[in-house]
Ligand code: NAD
């Protein structure tokens, strides 16, 4: 099939490349000229395991193309995916300006029957808005070209996006037109070779809602467990044991119940907010969803508070080694990462920071922590420790799991570790003479 993917970010680039891998002819479009020029030369703007060779292979096979010209590539295309960003608006709702701008351009330039797929995460009712926008442009051109708008929310996880896309748990297709749904089934058939049961079709509004509910549910598990961790610490229980105790119940499960420094990234914070906003707009006050958000905001500061409790409110003259900046491992994404909030708070209190992350340092330096003074970046985790008063672990990268604790002890001014992801064995560390602070268990 001839496909156009509009918006070549995490979702657009992964989706477009995986569709090309299955033999479709795909053009990925973006307004970012620098990004498109780099991609044409096989340079990937994001860190995503396995993506680079797949892009290179499909460029070589001429199944994957990159362009900034939507007007040219929408012509003759069968399915156009909208995969642009839907950032948080001022009032917490999803900002649809990029989605609707693309819809406008599609209406201005399409020349044959087309299925338009909303792959961006968008609130209930957006497909209707996209439809109206396209129809409005066709009316201006006095053209009558049939088209359908389908919702196909994306569930990939950054860091394992290729696997998620090629072997999905499920694909949700929301369509109010059986012909469009049939075409989407054909497109996804190669991803479900044994059974198509995992391609779930439904009406458009339910599909739009499904994506928000999935993210809100996962965020709820995280906030619930963080709240439990804080209580455990007060009553003298060990959240690490409680986690295993409850996770072994198959109705609960082990995933998403790790206590830590709160959720971040480009999806959970904005999607939880947008779902809350949608409910409010419809006259409903969502108490639980609001609480999920409040617990998360507070949780981001738990590690910083532990540092202040240990070293005092004035951190002037103190230096901290930070291990991990990305919002989670296996990505360079820094959007809404807890590290941003924690580092800013420590610097405001007078601290100096020595930071290391395997992939996210450029993002941090150039965008997210650009204006924050007193941060130095290092190429190795051990280099951050020299002359620091404590080490603070904020992202659970594999390379941080089993470090040389003797080296850490040797390099730090004081042998103190704050672990925002509960990676280490407290008994082992305390026996080595390391003062070890974690989430959900007091020392
Ligand atoms: P992103 O910010 O990485 O990429 C969006 C891209 O769209 C950018 O490259 C931008 O230049 C481009 N763009 C903006 N306006 C454009 C236009 N008019 N024409 C062409 N390109 C344009 O965003 P993302 O992380 O890929 O997310 C995209 C959508 O998918 C969001 O709604 C997000 O919530 C959703 N989503 C993201 C993830 C994830 O893990 N990142 C997972 C599932 C769903």
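With the chain treated as a Gaussian network of Cα nodes joined by springs under 10 Å, which of 123, 168, 403 yields the largest mean-square fluctuation? Result: 403 has the largest fluctuation of those listed. Modelled this way, with points 7 Å down the Cα-to-C-beta line, the labels at residue 432 and residue 234 are 3.3 nm from one another.
Expressed as a whole number of Å, what is the distance separating the alpha-carbon centroids of the stretch 293-328 and the stretch 228-278? A separation of 19 Å, based on Cα centres. Across all directions, the average projected area of the convex hull around the alpha carbons of the chain is 22.7 nm².
By how many degrees, 0 to 90 and rounded to 10, does the Cα axis of helix 126-140 deviate from the longest principal axis of the chain? Relative to the chain, helix 126-140 is tipped by roughly 40 degrees. When each of the peptides 65-73, 185-193 is scored by the mean number of other C-beta atoms lying within 10 Å of its residues, the order from highest to lowest reads 65-73, 185-193.
Between residue 178 and residue 310, what length in nm is gained on full extension when 0.36 nm per residue of separation is reduced by their alpha carbon distance? Walk me through the intermediate numbers first.
Numbers: separation 132, 0.36 × 132 = 47.52 nm, distance 6.24 nm.
In short, 41.3 nm is gained.
Going by a ≥ b ≥ c, the root eigenvalues of the Cα gyration tensor, does the stretch 2-202 fall in the rounded group (a/c under 1.5), the prolate group (a/b larger than b/c) or the oblate group? Rounded, because the longest to shortest axis ratio a/c is under 1.5. Taking 0.36 nm per residue of separation and subtracting the Cα-Cα distance, full extension of the segment from residue 399 to residue 213 would add 63.7 nm. DSSP assigns beta bridges within the chain; of those with both partners inside it, close to 5 percent run antiparallel.
Of 235, 130, how do they rank once you tally other Cβ atoms within 10 Å and put the fewest first?
Taking fewest neighbouring Cβ atoms as first place, the list is 235, 130.
Measure nothing but the geometry: give the 0 to 90° angle between the long axis through the Cα atoms of 10-21 and the longest principal axis through the Cα atoms of the chain, rounded to 10°. Helix 10-21 and the main axis of the chain meet at about 60 degrees.
Given R₀ = 45 Å, what would the calculated FRET efficiency be for residue 139 paired with residue 57, taking r from the Cβ atoms and rounding to 0.05?
Working: r = 42 Å, r/R0 = 0.94.
The pair residue 139/residue 57 has a calculated efficiency of 0.60.
For the chain, set up a GNM with springs between Cα atoms under 10 Å and report which of 178, 362, 48 has the largest fluctuation. Of the options given, 178 has the highest mean-square fluctuation.
The orientation-averaged projected area of the convex hull spanned by the Cα atoms of the stretch 101-190 comes to 6.6 nm².
Output needed: percent of Cα pairs per 10 Å distance bin for the stretch 300-438, bins running from 0 to the one holding the longest distance. Calculated P(r), rounded to whole percents: 13, 49, 34, 4, 0.
Compared with the dominant Cα axis of the chain, that is its longest principal axis, helix 204-235 is turned about 10°. Mean-square fluctuations from a GNM of the chain, with a 10 angstrom spring cutoff on Cα atoms, peak among 120, 223, 194 at 194. Across the stretch 215-298, counting alpha-carbon atoms alone, Rg and Dmax equal 13.8, 43 Å. Quick one: go through the stretch 43-83 and flag any residue whose amide nitrogen is under 13 Å from the point 7 Å out along the Cα-to-Cβ line of residue 33. 68-69, by backbone N distance to the label point.
Taking the Cβ-Cβ separation of residue 193 and residue 297 as r and a Förster radius of 60 Å, what is the calculated FRET efficiency to the nearest 0.05?
Details: r = 44 Å, r/R0 = 0.73.
Taking R0 as 60 Å, the efficiency between residue 193 and residue 297 is 0.85.
Taking a point 7 Å from the Cα of residue 386 along the Cα-to-Cβ direction, the residues of the stretch 292-324 with backbone N closer than 19 Å to it are 318-324.
Just so you know, all these numbers are worked out from the coordinates, no wet-lab data involved. The structure displayed is predicted, hence computed values, not measured ones. Neighbour counts run over all protein chains shown; Cβ positions are idealised from the backbone, glycine included.
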